[in-house]
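Report on the structure given below.
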Amino acid sequence: MRKIKKKLLGAVTVLSLGLLVACGTGTDTDPGTGGEQPPEETATEGEARALQVGITLAEDSHYYKGLEHFAELVEEKTDGELTVEIFPNGSLGGERDMVESLQIGTLDMVLSSTGPLGSFVPEINVVDLPFLFENREHAYEVLDGEIGQDLLVKLGDEGLTGLAWWENGFRHVTNSKNPIETPEDLEGLKIRTMENNVHMDSFNALGASPTPMSFTELFTALQQKVVDGQENPVPIISTSRFYEVQPYLTLTGHFYSPAALLISSQVFDSLTESQQQALTEAAIEGAQFERDLVAEMEKEMVSDLKEEGMEIIEDIDKTAFQEATKEVYEQYSSEFGAELIEQIQNAAK
Ligand code: EAX
């Protein structure tokens, strides 16, 4: 509880800290580049600095635990020059809001799903195509390889520095109406999706009525039956307690859901080169840790959800869902390039 209070207090000061960050850039001096700054402003190295990172998920989530590990790595690698403070539960806004805060420099970092990222870099949506990745290793191959790294670089044009790809895992459908075994069972159901065109078009193709909204509004929307269902990976269904308001879960695994660890480019550029390197290394090592954690949580939490009373439909014919979403590939192949989509599909080992 004390921790929560501290974090809320932190959230109140984050705006002013953000302003400090915005005003405080330019104090970093690289001895090799010009040396125009007056000597009294050259003190970034050795000065402690806290980086705030916002997430929509709860304190027992894979995001939070992964970021705790990341924070330790950052502190270690920078000898305490940089520390990381985590703001969970959407206390700093939804993912889209937080990404915008990074652009203007009022928030340092966010760990965000690809949900809203296509509004900033449309090409990123290619990884959101339904049934694109055969398994998580396939996704890592693509995201950690040239394709995924190019997508992170593209964020640079938007004032965002992509440090590494983390993950949420494969997404599954829950709802309060009826057990879903075939696409027909989704017919007419109002399913909350992320604010993501590919996701919305996929649920349209499945016959559902997709309703995009921020994660921060989702629990209440489910509880008040504004929507019938939603889709998320098992660790999120569990740690966000969706089982309290959603009796049915079908393991559709229809999208793989990556997460990008982003830092405001204004903030990143104000750090020393060694701090930048430490952050990047910690982000990549943190990704490994967080992905392992997701795998572990997925294994344990399916039975936890059963114990919480959810009816879990595990054995479905996925090809029916795959067939139904084929049109989304046709729709997007000119936008993303049929070749790129094929390249991603062929990366499966
Ligand atoms: O990044 O909005 C969602 O459903 C996401 O899975 C969540 O915010 C994690």
(Q) Charges at C-beta only: +1 for Lys and Arg, -1 for Asp and Glu. How large is the resulting dipole of the chain about its Cα centre, in Debye rounded to 20? (A) 1240
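List Leu189, Leu249 from most exposed to least, where exposure is judged by having the fewest other Cβ atoms within 10 Å.
Values: Leu189 22, Leu249 27.
Lowest to highest Cβ neighbour count: Leu189, Leu249.
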**Q.** With Cα atoms, 0 to 90° folded angle of helix 62-77 axis to the chain main axis
**A.** 20
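Going by a ≥ b ≥ c, the root eigenvalues of the Cα gyration tensor, does the chain fall in the rounded group (a/c under 1.5), the prolate group (a/b larger than b/c) or the oblate group? Don't skip to the answer; put the middle values down first.
Working: a/c = 2.15, a/b = 1.64, b/c = 1.31.
Note, shape of the chain comes out prolate.
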Q.
On a straight-distance basis, which aspartates and glutamates could pair with Lys77 in a cross-link, Cα separation under 17 angstrom, same-chain partners fewer than 8 positions away excluded?
A. Glu45, Glu47, Glu68, Glu85, Glu273, Glu281, Glu285
Q: Let me have the 222 nm mean residue ellipticity of the chain computed from DSSP H runs of 4+ only, each contributing -39500 (n - 2.57), with the sum over all residues rounded to the nearest 500.
A: -14000 deg cm²/dmol
Q. Given labels modelled 7 Å from the Cα in the Cβ direction, how far is it in nm from Glu285 to Phe219?
A. 3.3
Q: For region 64-96 and region 275-349, write down the distance between their C-alpha centroids in whole Å.
A: 23
Q: Looking at the chain, send over the antiparallel percent of its DSSP beta bridges, to the nearest 5.
A: 55
Q. Helix 2-24 versus the longest principal axis of the chain: what angle, 0 to 90°, nearest 10, using Cα atoms?
A. 60
Q) How large is the dipole of region 264-319 about the Cα centre if only Lys and Arg carry +1 and Asp and Glu carry -1, each at its Cβ, rounded to the nearest 20 debye? A) 240
Q | Selected from Gly162, Gly229, Gln52, residue furthest toward positive end of dipole (the chain; charges at beta carbon) | A | Gly229
(Q) For the chain, set up a GNM with springs between Cα atoms under 10 Å and report which of Glu281, Glu137, Glu95 has the largest fluctuation. (A) Glu137
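No lab work stands behind these numbers, since they all come straight from the coordinates. No experiment lies behind these values; they were computed from the predicted model shown. Cβ sites come from the backbone with ideal geometry, for glycine too, and all protein chains shown count toward neighbours.
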